[in-house]
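A short worksheet on the structure shown next.
Where a number appears in this text, it was derived from the coordinates with a stated rule and is not lab data. Note that the structure is a prediction, hence the values are computed from the model and not measured. Glycine gets a Cβ as well: all are built from the backbone with ideal geometry, and neighbour counts include every protein chain shown.
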Amino acid sequence: MTASPKGFAELADFDEVFGALAHRVRRTILSVLHASGGSMTSGAIAAWFAHSWPTTSQHLRVLQQAGLVRVELRGREHVYQLETDRLLTVTRSWLSHFD
């Protein structure tokens, strides 16, 4: 198996991050996390939305898979933390193509 050229890895990062950002609810989750100091429980995040918990859970999973949030178990609580480094690295890299 041969290694993929660097450009393909970068494109995969763009797809992951911008795919996660494509949905309004996921962008809202990131904004709410940021406004709350970067960390919130799953219940506090879910309280922002009228849809069901499984829907919120799916959005959180997409954000986690894209590397935009990480989850930590604290007792019975799942605490989601914003990963701004990943968000900024990928978006800045994409924007640099337009300089």
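If you keep only loop residues by DSSP, which chymotrypsin sites (Phe, Trp or Tyr not before Pro) in the stretch 29-99 have at most 11 other Cβ atoms within 10 Å of their Cβ?
Listed in order of number, the matching sites are Phe98.
What FRET efficiency comes out for the pair Ser39/Gln65, r = Cβ-Cβ distance, R0 = 22 Å, nearest 0.05?
0.70
Once label points are set 7 Å from the Cα along Cα→Cβ at both His51 and Gln81, what is their separation, rounded to one decimal in nm?
2.7
Based on the inverse mean of 1/r over its pairs of different Cα atoms, what is the Kirkwood hydrodynamic radius of the stretch 10-96, in Å?
With all distinct Cα pairs of the stretch 10-96 included, I get 13.1 Å.
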